[in-house]
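Take a look at the structure set out below.
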Amino acid sequence: MAERYIAVIDAGSSRVRFILLDRNGQVVASGETEWTNKRVDGESPYAREFDAAVTWSGIARLIRRTLSEAAIASHDVAAITVTGQRQAIAFLDEDGDALYVGPNLDLRAVFEGAAIDDQLGDRVYSTTGHLPSFLFAPAKARWLQEHRPHDFSRVTSTVTLADWIMYKVSGQLGSEPALAGEAGLLDVSNRSWCSSLLAKLGMPSNDHVPLIHAGSTLGEVTESAASMTGLRAGTPVVVTGPDTQCGLLGMGIVSPWETGIVAGWSTPVQMLTDKPMSSEDSETWVGCHLIDDTWTVESGTGDTGNSYAWLVETLWGDGDDAFDRADGLAAATPPGAEGALAYLGASPSGMGQVGIRLGGLAFPVPLTFSKPGKDHLARAAIEAMAYAARAALERVERISGHTATSVAVGGGMLRTLAYARVLADVLGREVRTPSESNVSARGAFICAATALGWYRSLADGANVAAVSMKPVAPDPETSLIYEDLYSQWLDVHDQMGNVNL
């Protein structure tokens, strides 16, 4: 029987998923498990780190369990690939053993990052396209050097979390350029390791780690990985890229000035460009797309899907039913949520203004005359995410000098049906949505399918995905209402920024 499925490990911010897709790119089975952070007494409350052995064994169990529950034989899996969160990295020794593996949420290197920015901020941004430094690999390396010097002295390779997982599966070390760029390790202009900058920052050279294009085969599943995961030894392991750029590919975005919004734990807005485009005050990021000679200009929206999940779980409890109830109530609430405003993490600020600020839910008082309910709060939170996305879209259009030729949105927030509708109305323009919300997995599938010859190229696979995208048109009257509401939301956000915590 011909191999029928592609397996994707999606190492997201909140959990890791194992997804099986058929030859048409449709999800046929999936499983997930939450990350387990290693706790160290006396560590910063912002510290997040994985136990490498526990993390890998947990991923292996997830793969084996999902294959078993789906009754899919290992010989039916044509290839496996890995996508995942950006800014998550691993430091390895000369034997490939992990000295540190941590997620994008490990924020211990705030002071080290600030020192780098004071010393070399302009050079870091002009080379890597990314600031502030505390989010990226060089600052985390400096933290390791200062707090665990013995471990740092043994570091020979710096790779991303997705690269490390591929290494555990295949035994081969490599990195994809867009992934390396999102970790602050790449000269984005020429898609090579930023070796001179890394040396200036005191990091060991990464020149021995090959940079491999998405859609290329890295190696094969090893006997050891096969025995742990239930995969077939010899199954091709294909290089993919970061979850956001994979999301663009999975929405059919391959040409300059097309724009994608991947609305998940966070909601980055990326416009494709034909050359690297930076901003004077580092308010946007410069990244590489998976398509050659194509870059991204990116603006963030803050803590969006994560904060919405917090609100739903706080008001309705856990489970899909809670999100369904919140969705129904939000959809039935009029635009503007009768005066309720949400500031739970969604932000119109640029990438250089990442940080902790005052937030909350605002609504008219006294409550004798205005009694906001759960429906108003859910609607306000969804509107806040849409407002933040509009601010980010306006920013990337300003920096690029181009109006987005199309806007697509994917990601977990699409399971909240009201979100796409509100987003289209707030933007005042059509947005395209996929039939399956996990566009990052679809993009990873395209990479693996290209390596297998199922598609002629990444662009060919993306064009197939684009055909399935459905338009959501704005309602002109509602969009007009949102013009004033958007301005009001921005004004209150700015006023709250003047209040000291």
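The values are calculated or read from the model by the stated rules, or taken from the named source; none is laboratory data. These figures come from a predicted structure and were not determined experimentally. Every residue, glycine as well, gets a Cβ built from its backbone with ideal geometry; the counts of neighbours run over all protein chains shown.
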Evaluate the following for Ala141: is it of a type in the set (A, V, I, L, M, F, W, C) and closer than 19 Å to Tyr46 by Cα? yes
Go through (1) touching a strand residue (DSSP E or B) at 6+ places or on another chain (Cβ under 6 Å); (2) farther than 23 Å from Ala78 by Cα and name the single condition Gly412 misses. (1)
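From the list Ala404, Ala420, exactly one residue is more than 27 Å from Arg325 (Cβ to Cβ), modelled with pLDDT of 95 or more and not hydroxyl-bearing (Ser, Thr, Tyr). Which is it? Steps first, answer last, please.
Numbers: Ala420 fails: more than 27 Å from Arg325 (Cβ to Cβ).
Matching residue, one of Ala404, Ala420: Ala404.
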Exactly one of these conditions fails for Pro476: (1) buried (at least 24 other Cβ atoms within 10 Å of the Cβ); (2) at pLDDT 95 or above. Give me its number. (1)
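Listed here are the residues, each with its yes/no results for (1) in contact with a strand residue (DSSP E or B) (Cβ under 6 Å, 6 or more places away or on another chain); (2) over 21 Å from Pro474 (Cβ atoms); (3) among the acidic types (Asp, Glu).
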{"residue": "Ala330", "(1), (2), (3)": "no, no, no"}
{"residue": "Ala337", "(1), (2), (3)": "no, no, no"}
{"residue": "Ala346", "(1), (2), (3)": "yes, no, no"}
{"residue": "Ala388", "(1), (2), (3)": "yes, no, no"}
{"residue": "Ile399", "(1), (2), (3)": "yes, yes, no"}
So which helices (runs of 4 or more DSSP H) stay within segment 135-195 end to end and still have 1 or more residues that are under 18 Å from the mean Cα position of the chain (by Cα)? 137-147, 161-170, 177-182
Which condition number in (1) part of a helix (DSSP H, G or I); (2) touching a Gly at 6+ places or on another chain (Cβ under 9 Å) is the one that Glu112 fails? (2)
Residues that are on the phi > 0 side of the Ramachandran plot and of a type in the set (D, E, K, R), drawn from segment 374-412: none
Condition check: outside any loop (DSSP other than H, G, I, E, B), among the aliphatic types (A, V, I, L, M) and in contact with a helix residue (DSSP H, G or I) (Cβ under 6 Å, 6 or more places away or on another chain). Does Ala392 satisfy that? no
Candidates Ala78, Ala73, Ala53 - the one that is surrounded by 15 or more Cβ atoms within 10 Å (Cβ to Cβ) and outside the structural domain of Leu290 (by TED's automatic domain parsing): Ala78
Only one of (1) closer than 18 Å to Pro204 by Cα; (2) not in a helix (DSSP H, G or I) is not met by His130, so which one is it? (1)
Verdict on Asp118 being in a helix (DSSP H, G or I), in contact (Cβ under 8 Å) with a residue 40 or more places away in the chain and among the acidic types (Asp, Glu): no
Could you grab the pairs with beta carbons closer than 8 Å, sequence gap of 6+ or different chains, first residue in segment 426-440 and under 30 Å from Leu20 (Cα atoms), second one in a strand (DSSP E or B) and among the polar types (S, T, N, Q)? Arg432/Ser406; Ser440/Thr83
In segment 143-191, what residues are small (Gly, Ala, Ser), more than 18 Å from Asp93 (Cα to Cα) and surrounded by fewer than 22 Cβ atoms within 10 Å (Cβ to Cβ)? Ser189
Just checking, how many residues over segment 396-422 are in a helix (DSSP H, G or I) and more than 19 Å from the chain's Cα centre (by Cα)? 8
